[in-house]
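Take this structure first; my questions come after.
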Amino acid sequence: MASLLDRFKNLVSKSASKTHIDFNKAIYNYLGDSLVWNPENDDTYIDKGYRFNATIYSIVNLITKTATNIPFQVYEIQRENDLKRYKALTSGDFNTNTLFQAKMLQKKSLVELEGTPLHELLDRPNPAQSYASWIQEIIAFGKLTGNRYIYGIAPDSGVGAGKYKELYILPSQKMEINSGGIMQPVKEYTLSYNGTYRIPADDVCHIKDPNLYYDGSGSHLYGMSPLKAGLRVMDANNQALTTGVKYLQNQTARGVLMSDEGDLNETQARALKEKFKQQYQGSDNAGDVVITPKKLSWINFGLNASDLSLIEQYNATIKDLCNIYNVPVQLLNNTDSTTYNNMKEAKKALYQNAVIPELNTIRDELNRWLAPQYGDKIFIDFDYSSIPELQEEMDKVVGQMSQAWWLTPNEKRAAMSYGMDEENNKLDDYYVPANLLPLGGDIIPDSEPGPIDVDIAKLLKTPVLNTVDTFTTIEEAEARAREMGGSGHHSHLFQGTTVYMPFKTHAEYEAAKNNRLDEFYAAQNTIDTDSMYDDDEDDDNNDSYDLDDLEYKKVSERVRTALRNKVDDHNEKYGDKPSKRVTLRTLIAVFRRGVGAYNTNPQSVRPSVRSSDQWAFARCNSYLYALRNGKFRSGKHDTDLLPEGHPMSSKKNLKQESYSDYPQGATNNARRMLDWREKYGRDEVTAGTPTGWQRANQLANREPLSLSTVKRVHSFLSRHKENAKIDPKFKGTPWKDKGYVAYNLWGGAAMVSWAKKIAENE
């Protein structure tokens, strides 16, 4: 007899394909071209629940009506990884930290769109419904049956063919699934209502609640109604109501009043009854003493409402039904122990536990089924920041935002859904607090923040350990350094343990903490040797301005980091056109000019400006505004730095000779990179900048190249010739080799000789 171990070995040694087939047969043994039985396809929960039970009606109505207060939005996806983190955060409980992080992640990952065809569709899903009634119906069916069916209708031809133009909600209790076999568990859906209609599965978005009841019939393909678990509670609630109504409607005499002295004739009995009514019935006689001329006794026929405990039973079922739907019982006019504070918390809990999770489920399914029809980067979401009951949390976020000095006021406005104010250039400046002191320093109360008297020479010699900025990991320390406008980390031995702090040296950290990095670098006579942040792919039209390296290095790392962020943000939004792109080299030149103007022409500086950096940042913001809009807000400056093709550029508009006879091999290399990105996705093919991918499209489409572009190609390929071959560690996955991909976006090895000849001859 085989041992248990032998039998296990035999079990796991089966081929993967056979195991797959066997598993499918076990799970989908009912499949074939036939209807799958829906255990919830009757009207039980609709009839006995929504139509018959006031409690369930109130709960469902409360959830659906509340959900309509949250507007939908349509976005374009910018960063996939940040979007994943955003979805994870918004799917959980909301608190101050998650709201803050979610808004920042949303800003980084999504760009809001306006007036798209998808907006029009959701605003008016079909001729008979508005968005509000449409979303209410989706949620109501889900809460009652555990299933939501959205049917999309798209034109077969003409403009918009294949895109849904109308969306209808199908009655869940009338729907059945038609299976197409093991490989197609859901082939189509059947609607049985005033006839039988078969609808292809691709045209139906089926959003179902989890159903773990595998009975072998395929019923797990349907969602399980929340009332399935609460069926007994619902029946008990209905029975309590029915009993109470019948008791009130059909109650007989409460009992018999009898004489102990013998029988009363009919006349005596009637007279005694009338006397009792007159003297002892009604509110005026409540609690009065009964005095009778005869000896009488009372025989009770039944129990009163209190004895039957109808109220207690009814309240208990209400609480159970509320628990099933995650709805606070206080919101159903239950006044037990109700105060303003717990009502406020109850409304917040309604959003957090019932409404938002439901909308998140709908959001994710619409982004799977509907959004791709309108673009690969389209994302549908709901604006939870508009919820009044979460405003207290938003106020806390505002408080946190006000302390986030590493964000500009406009960035804070965007994060809090107020929108950016592009007319006020002051809102694009960084406002670094000037009242940061070393540990042990004195803070002067009620005084105007001003320059801090810090001896830079002492900072170079005397480290003062600030336990607030000590961390147990290098990653945390370097993240804090980036927040403070720098990079790197250093370590200390603190109480027998190695701790990490921001910046490469402690002296550099102290200078940054006191907003004195520029003076620190000057005192050290340090030249920063960091490489230029242009990805070696600056815009072609910006090559005419050659910024001296020493000028570049005179700008502090803190300033470079801020300018680098501005360059990235601007090019990400507006860099699709060469006349609107900017490079870090150019923006540094604008900044240095702003510093010079502040020092040499102080009468031009506004009184509210307190530093040369502030004035220089404002000049950079004005330059970027001109790039975006084709004009300055006021005045003109740095027009020689504007790229060729810009309407206000002072550069000579030289006639550009074009070249289209570049090697076919360069075109093939560029096409291969574009094919890799389409095949493996941007999560795998992460190399290249927007300029590089623009160049690849030019080469792939055999577009003519200007002389300046050819020179650019030659310069790039010359600097990166080490990337002409695939790194051995990426032999099996060359699309992951960032250097190799970036090199071939510019034509690769096939382009080198041709570009060199053109560039050197010209």
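What is the distance, in nm, between label points placed 7 Å from the Cα along the Cα-to-Cβ direction at Phe52 and at Ala271?
Between Phe52 and Ala271, the label points sit 5.3 nm apart.
Let me ask something else about it. Name the long-range amide H neighbours of Lys165: under 5 Å, sequence gap of 5 or more, or other chain; modelled H, no Pro or chain starts.
Under 5 Å from the amide H of Lys165 lie the amide H atoms of Ile153, Ala154, each far enough along the sequence or on another chain.
Once you list every other residue whose beta carbon is under 14 Å from the beta carbon of Thr600, what net charge do they have if Lys and Arg are +1 and Asp and Glu are -1?
The answer is +3.
Give me Arg702, Arg148 sorted ascending by neighbouring Cβ count inside 10 Å, so fewest comes first.
Arg702, Arg148
Quick one: length gained pulling Thr639 to Thr686 fully straight, 0.36 nm per residue minus the C-alpha distance?
Extra length from Thr639 to Thr686 when fully extended: 13.5 nm.
At R0 = 45 Å, how high is the FRET efficiency between Leu212 and Asp727 if r is their beta carbon distance? Nearest 0.05 is fine.
Here the calculated transfer efficiency is 0.40.
Using label points projected 7 Å from each Cα along Cα→Cβ, tell me how many nm separate Lys577 and Arg482, to one decimal.
3.2 nm
Let me ask something additional. Short version: ³J(HN,Hα) in whole Hz for each residue of the stretch 581-588, in order, from phi by Karplus 6.51 cos²θ - 1.76 cosθ + 1.60 (θ = phi - 60°), x for Gly and Pro, what are they?
My calculation for the stretch 581-588 gives 6, 9, 10, 4, 4, 5, 5, 5 Hz in order.
Cα-Cα over 20 Å: which of Lys580/Lys636; Lys143/Lys228; Lys729/Lys756?
The pairs that break the limit, which is 20 Å between Cα atoms, are Lys729/Lys756.
Using the structure shown, list the pairs from Lys84/Lys731; Lys577/Lys725; Lys208/Lys348; Lys107/Lys208; Lys107/Lys377; Lys65/Lys108 with a Cα-Cα distance above 23 Å, or answer none.
Where the Cα-Cα span goes over 23 Å, the pairs concerned are Lys84/Lys731; Lys577/Lys725; Lys208/Lys348; Lys107/Lys208; Lys65/Lys108.
Same structure, new question: Which of the peptides 185-191, 160-166, 693-699 is most tightly packed, and how do the rest follow, going by the mean number of other Cβ atoms within 10 Å of each residue?
Packing order, densest peptide first, comes out as 693-699, 185-191, 160-166.
Label the stretch 657-714 by shape, choosing from rounded, prolate and oblate, from the square roots a ≥ b ≥ c of the eigenvalues of the Cα gyration tensor; if a/c is under 1.5 it is rounded, and otherwise prolate applies when a/b is larger than b/c, oblate when it is not.
It comes out prolate by the Cα gyration axes.
Using the crude model of +1 on Lys and Arg Cβ and -1 on Asp and Glu Cβ, and no other charge, please compute the dipole size for the stretch 658-761 relative to its Cα centre, in debye to 20.
Value, rounded to 20: 160 debye.
Give a residue-ordered list of calculated ³J(HN,Hα) values for the stretch 723-731 (Karplus: 6.51 cos²θ - 1.76 cosθ + 1.60, θ = phi - 60°; whole Hz; x for Gly, Pro).
Values per residue, Gly and Pro as x: 8, 5, 10, 6, 4, x, 5, 10, 4 Hz.
Roughly how many nanometres apart are two label points built 7 Å out from the Cα toward the Cβ at Asp675 and Ala201?
3.2 nm
So, one more: Based on the Kirkwood radius over alpha-carbon pairs, what value in µm²/s does the Stokes-Einstein equation return for the translational diffusion coefficient of the stretch 658-761 at 37 °C and 0.692 mPa s?
Rounded to a whole number, D works out at 243 µm²/s.
Rank-order 612-620, 65-73, 317-325 by packing density, defined as the average count of other C-beta atoms within 10 Å over each peptide's residues, highest first.
Going from most to least packed, we get 612-620, 317-325, 65-73.
Quote to one decimal, in nm, the extra length available between Glu114 and Met343 on full extension: 0.36 nm per residue of separation minus the C-alpha distance between them.
Result for the pair: 78.8 nm of gain on full extension.
Rule-based calculations on the coordinates, nothing more; no lab input. This is a predicted model, so every value here is computed, not measured. Every residue, glycine as well, gets a Cβ built from its backbone with ideal geometry; the counts of neighbours run over all protein chains shown.
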